[in-house]
Amino acid sequence: MADELITLETLAGTLPDPHEFRQRALKAARDGYAAAIEGREVHTPEDTFEVQRQLARTRELAKQYASAFTAVDKELATFQRDQLEALPGNVLTSLKVPDADGDLTVQLDQANSYSFDLAGIIGAVAAHVAETETPNLIDYVESASDAEEQRQAVSFAVFSILEGFADAVMQLGKFEAQVTKVRAYADMLARAGQAGLSGVVRDAIIKTTTTKPGAKFARKEGPK
């Protein structure tokens, strides 16, 4: 194990200081561009072709370097995850590591995603709106003096119910349901005394946790 650690230290030691390398690379790029355009006159698109070729080749090389370092970082992240999972039967999701340069927090790189049983949610919304608007529908009908007024009253009541339904659905989020808004709607149902419908909405939230390859870490800077 000691030899492996020495190898990692050796790898780190072979790389230039990142800040210094960045400054040198930027200066080389700027100086190179200035030299490439020095004395050039641009009158036609063709006059820019050679500089564009040089810029493209250099950018491609820069991207290759970036890809190389990204690949190394991804590989090391995998090794950090291996260490989190090293204890038999005890997979750690987070670990604090004391370090002279600043304590480390190493943890699995996880992200939560949510899907929804929209039929259940919409059914709960419909039931809630129907219960809320039914007394109004009864009032509209009973206050009508003849069949025509009853027809108009029912038409207006249905409109109000549909409008309330659409407004309630939009409160759950635009285009697709959002977990915070769905939970807030469930809370509203519970506060309104409709615990059953609140439970239906909460049960319609399906949580999926995805663990990405490797691990992420953050360093807490120690006292200087």
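The values are calculated or read from the model by the stated rules, or taken from the named source; none is laboratory data. Just so we're clear, the structure is a prediction, and the values are computed from it rather than from any experiment. Here the Cβ is made from the backbone with ideal geometry for all residues, glycine too, and neighbour counts use every protein chain on show.
Per-structure values
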item	result
Given (1) at positive phi; (2) surrounded by 13 or more Cβ atoms within 10 Å (Cβ to Cβ), number of the condition Phe165 does not satisfy	(1)
Complete set of residues in region 13-51 that are surrounded by 10 or more Cβ atoms within 10 Å (Cβ to Cβ) and either assigned to a loop (DSSP other than H, G, I, E, B) or in contact with a Gly (Cβ under 9 Å, 6 or more places away or on another chain) (or both)	Leu15, Pro16, Arg40, Val42
Near pairs, Cβ below 8 angstrom, 6+ apart or cross-chain, from region 70-87 (not assigned by TED's automatic domain parsing to the domain that holds Leu15) to any residue that is surrounded by 11 or more Cβ atoms within 10 Å (Cβ to Cβ) and not in a helix (DSSP H, G or I)	none
Check on Gly123, within 30 Å of the chain's Cα centre (by Cα), at positive phi and surrounded by 10 or more Cβ atoms within 10 Å (Cβ to Cβ)	no
Test: Glu142 is under 30 Å from Gly193 (Cα atoms), among the charged types (D, E, K, R) and crowded, with 16+ Cβ neighbours inside 10 Å	no
Residues that are surrounded by fewer than 12 Cβ atoms within 10 Å (Cβ to Cβ) and either touching a Cys at 6+ places or on another chain (Cβ under 6 Å) or touching a residue at least 24 places away in the same chain (Cβ under 8 Å) (or both), drawn from region 93-106	Asp99, Ala100, Asp101
Condition broken by Asp109, with the remaining ones in (1) surrounded by fewer than 11 Cβ atoms within 10 Å (Cβ to Cβ); (2) in a strand (DSSP E or B); (3) not small (Gly, Ala, Ser) satisfied	(1)
Unmet criterion (only one of (1) of a type outside the set (Lys, Arg); (2) over 30 Å from Leu95 (Cβ atoms); (3) at pLDDT below 90) for Glu221	(2)
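Each row is one residue, and each column tells you yes or no for (1) within 32 Å of the chain's Cα centre (by Cα); (2) free of Cβ contacts under 8 Å to residues at least 60 places away in the same chain.
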| residue | (1), (2) |
| --- | --- |
| Ser143 | no, yes |
| Arg151 | no, yes |
| Ile161 | no, yes |
| Val169 | yes, yes |
| Leu189 | yes, no |
